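Bear in mind that the values in this text are calculations on the coordinates, not laboratory data. In this text the structure is predicted, and so the values were computed from the model without any measurement. A quick note on method: Cβ atoms are made from the backbone with ideal geometry, for glycine too, and the neighbour counts reach across all protein chains shown.
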Ligand SMILES: [Zn+2]
């Protein structure tokens with residue numbers, strides 16, 4: 001089974017991707033989706049990608065026990081031309097699911113995961129913010145720094161006054177930093 005280009009575009013849109021009008025944007029989106037479904041990440045939508053995406057779609061775009069792909073979508077609402085809609089890495093999905101399962105059985109809301117460059121600027125994000133690469137999430141939840149580390153968070157942002165964690169990411173070199181109040 002192999003989707004036509006039109007079917008691929010419809011599936012990308014249904015998944016929550018945007019910005020597929022440029023070749024680089026579209027290729028990035030296909031790569032993001034391929035990584036999430038666990039097929040070779042080459043940006044070329046072949047039969048294996050078709051099969052895996054069909055299954056994910058039929059599953060309501062559920063990428064982990066308690067998260068759907070759309071929960072990682074940029075909150076700009078499509079305001080910026082270069083917004084990809086979604087960028088997320090499997091490692092981030094594992095991280096937030098681990099936090100959810102271990103500490104928030106009743107629910108964990110992602111307040112901000114992927115941010116396109118325009119939205120990242122608009123919300124005052126760091127110029128090289130992990131959010132732009134799909135490797136970070138801000139969330140409801142009041143983890144301690146030790147708890148976030150125990151869940152595998154590599155970058156940990158915490159409130160200046162609360163000392164509770166509101167940002168986690170999967171950066172290579174661990175860092176703990178003040179992020180908001
Ligand atoms: Zn955006």
Among (1) surrounded by 22 or more Cβ atoms within 10 Å (Cβ to Cβ); (2) within 16 Å of the ligand (Cβ to nearest atom); (3) part of a helix (DSSP H, G or I), where does residue 28 come up short? (1)
Could you please find all residues in segment 58-69 being buried (at least 16 other Cβ atoms within 10 Å of the Cβ) and outside any loop (DSSP other than H, G, I, E, B)? 63, 64, 67, 68, 69
What are the residues in segment 111-165 that are surrounded by fewer than 19 Cβ atoms within 10 Å (Cβ to Cβ) and on the phi > 0 side of the Ramachandran plot, if any? 124, 152, 163
Looking only at residues that are buried (at least 19 other Cβ atoms within 10 Å of the Cβ) and outside any loop (DSSP other than H, G, I, E, B) in segment 77-93, which one is nearest to the ligand (Cβ to nearest atom)? 92
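Can you find a residue in segment 120-131 that is assigned to a loop (DSSP other than H, G, I, E, B) and within 12 Å of the ligand (Cβ to nearest atom)? Quick ask: steps written out before the conclusion?
Of segment 120-131, the ones assigned to a loop (DSSP other than H, G, I, E, B) are 123-129.
Next cut, within 12 Å of the ligand (Cβ to nearest atom) only: 123, 125.
The answer is yes, given that some residue of segment 120-131 is assigned to a loop (DSSP other than H, G, I, E, B) and within 12 Å of the ligand (Cβ to nearest atom).
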Exactly one condition in (1) surrounded by fewer than 15 Cβ atoms within 10 Å (Cβ to Cβ); (2) more than 16 Å from the ligand (Cβ to nearest atom); (3) closer than 21 Å to residue 89 by Cβ is false for residue 168; which is it? (1)
Restrict the check to segment 60-71 and report whether at least one residue is within 16 Å of the ligand (Cβ to nearest atom) and touching a helix residue (DSSP H, G or I) at 6+ places or on another chain (Cβ under 8 Å). yes
